[in-house]
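Here is the structure we will look at.
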Amino acid sequence: MSVNTSSQADGVAELSFFPMSAVDLEAVLAIENQSHVHPWTKGNFSDSLAAGHWAYCIRPAHDQAVKGSFLDPEVLWAYCILYPAVDELHLLNITVAPSLRRHGIAQRMMKAIEGVAAQQNMPRIILEVRPSNTNALKLYEKMGFEAIGGRKNYYPSNPETGLREDAIVMAKSIKLAT
């Protein structure tokens, strides 16, 4: 499945969603390790790919390529992992490279993910988020996601002490064509 966003925000080029493969994992892990308190491992990503999850790397569109800049199509901007269930799309991981945050990329990715859910006749998107991830919470709330529950001790937060952080479960209903 290929997805392009057509809008441009804050001077950032159009996004292109490319299927993630094993050759992308080094770049994905570099962003993952910079971005998360408890990052996914190479094994987590490999398992998702093997399980057939919808995994995408987000890069600038080829027609806007500028080699050696952030518009270089070889530069990974972001990625996402989606798990298609019978009647919902579960967002497992969405991460934007730290140097490209605050340009609307995550919001544009979320809009594209909503479009995929609608195209696939999935009436709901569900996700988990750390309560401490205030930027993500603000984005999801702005996009119409609502808290529908929680998961106790869901996220590892401190490997030295074994402490864990709860998750807020959020969902958004997707309007499907009738």
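The values are calculated or read from the model by the stated rules, or taken from the named source; none is laboratory data. Just so you know, these numbers come straight off a predicted model, no measurement behind them. Note that each Cβ is placed from the backbone with ideal geometry, even for glycine, and that neighbours are counted across all protein chains shown. Surface areas here come from the heavy atoms of the whole protein model, side chains and all, with no ligands, DNA or RNA. Shrake-Rupley method; radii C 1.70, N 1.55, O 1.52, S 1.80 Å.
Take the conditions touching a residue at least 12 places away in the same chain (Cβ under 8 Å) and either touching a helix residue (DSSP H, G or I) at 6+ places or on another chain (Cβ under 8 Å) or within 22 Å of residue 32 (Cβ to Cβ) (or both) and apply them to residue 93. Does it pass? In short, yes. Contact map, segment 148-161: residues that are touching a residue at least 24 places away in the same chain (Cβ under 8 Å) paired with residues that are in a loop (DSSP other than H, G, I, E, B), Cβ distance under 7 Å, separation 6+ or inter-chain. Pairs shown: 155/38; 155/130; 156/38; 157/37; 157/38.
Does segment 44-71 hold any residues that are modelled with pLDDT under 75, open to solvent by 20 Å² or more (accessible area, probe 1.4 Å) and not polar (S, T, N, Q), and which are they? Outline the logic, then answer.
Taking segment 44-71 as the starting set, the residues that turn out to be modelled with pLDDT under 75 are 60-71.
Cutting the leftovers down to open to solvent by 20 Å² or more (accessible area, probe 1.4 Å) gives us 62-71.
The answer is 62, 63, 65, 66, 67, 68, 70, 71.
Within segment 27-50, the residues that satisfy the criterion of being under 17 Å from residue 91 (Cβ atoms), part of a helix (DSSP H, G or I) and not hydrophobic (A, V, I, L, M, F, W, C) are 32, 35, 44, 47, 48.
Find the residue count for segment 120-178, including only residues that are assigned to a loop (DSSP other than H, G, I, E, B), of a type in the set (Val, Ile, Thr) and loosely packed, with under 14 Cβ neighbours inside 10 Å. Spell out how you get there, then give the answer.
Looking only at segment 120-178, we keep the residues that are assigned to a loop (DSSP other than H, G, I, E, B), and these are 120-123, 130-133, 143-145, 159-162, 174-178.
Adding the requirement that they be of a type in the set (Val, Ile, Thr) leaves 161, 174, 178.
Cutting the leftovers down to loosely packed, with under 14 Cβ neighbours inside 10 Å gives us 161, 178.
Matching residues across segment 120-178 total 2.
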